[in-house]
1. Which residue pairs have Cβ atoms under 7 Å apart, sit 6 or more places apart or on different chains, and have a first residue in region 203-216 that is within 14 Å of residue 89 (Cβ to Cβ) and a second that is part of a helix (DSSP H, G or I)?
2. Is it the case that residue 250 is more than 25 Å from residue 301 (Cβ to Cβ) and either in a helix (DSSP H, G or I) or at pLDDT below 80 (or both)?
3. Every residue in region 254-293 that is closer than 16 Å to residue 4 by Cβ and either modelled with pLDDT of 80 or more or in a loop (DSSP other than H, G, I, E, B) (or both), please.
4. Considering only helices (runs of 4 or more DSSP H) fully contained in region 16-86, which possess at least 2 residues that are closer than 30 Å to residue 211 by Cα and at pLDDT 90 or above?
5. Here is a list: 124, 106. Which entry is in contact with a helix residue (DSSP H, G or I) (Cβ under 7 Å, 6 or more places away or on another chain), surrounded by fewer than 20 Cβ atoms within 10 Å (Cβ to Cβ), modelled with pLDDT of 70 or more and under 25 Å from residue 264 (Cβ atoms)?
């Protein structure tokens, strides 16, 4: 069941690029983030209101425990949503997408190192490193797709590396929340709530002239009634927002949390290497993009790397 939950999340995340790309024609990156996570927070709040009251054993029993658990939720919202999403979007602005894809793909190795140091039962092995490196090579083949354009660009590359580290910290914090017995619905809903609170000042700045012009409009928040009437009248826009909010955010984050609780945070992070394969397949099936020979080879290399990294010695699960 853990692998099924992870597979569903990876498939959904693998096709988010197409929805985001379509929405970027009418909305800024910041507006998309606020809309999708606001919708996700409302959906999770409605789902987990009664579940949290029933989960008596998972509820903190004193003020100190309440503050400790709330700090974990706030840190999850900052590292996994605010920092990761913004850093990745900004990184693409300062460097090229291939650089970002390659640098972020080293995340599982960093997460494994963090898990070994901080998480319960963290594991780090040569097999994990070897499998991850093989998978990174597959990601490189898909990302470059015959175009050798890797060029160090310090600002953007540093942002991509920070985004990778942010997801690693999020994974560890998620493991801590799972270890405390917090239901995934509650943990993710709380993290989303904190992330929206942290994005509020950025959104307020995005309404100013400097915010609208920042990063080629990535932080712009448009309040013009005519513009909003036009873009919010589009059924396609609402379908993409609903997909990103309900499936890619609410459902997939909860499924990912549940899978990490069952399988382990390190193995689940390694399985993220499969997302580029899903993206290529989706683009071919629904966007009419041609699958190249390098993409096929890259996909096979990723599968070999993931199999090697997640294989357990001695036939264990």
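1. Listed pairs, sorted by first residue: 206/30; 206/212; 215/90; 215/93; 216/93.
2. Working: more than 25 Å from residue 301 (Cβ to Cβ): yes; either in a helix (DSSP H, G or I) or at pLDDT below 80 (or both): yes.
Yes, satisfied.
3. Of everything in region 254-293, those that are closer than 16 Å to residue 4 by Cβ and either modelled with pLDDT of 80 or more or in a loop (DSSP other than H, G, I, E, B) (or both) turn out to be 254, 255, 256, 257, 258, 259, 260, 261, 262, 263, 264.
4. Values: elements: 16-23, 29-54, 63-76.
Where helices (runs of 4 or more DSSP H) fall fully within region 16-86 and carry at least 2 residues being closer than 30 Å to residue 211 by Cα and at pLDDT 90 or above, they are 29-54, 63-76.
5. Details: 124 fails: modelled with pLDDT of 70 or more.
Within the list 124, 106, the selection yields 106.
The values are calculated or read from the model by the stated rules, or taken from the named source; none is laboratory data. Predicted, not measured: the structure shown is a model, and the values here were computed from it. No Cβ is skipped: glycine too gets one built from the backbone with ideal geometry, and neighbour counts run over all protein chains shown.
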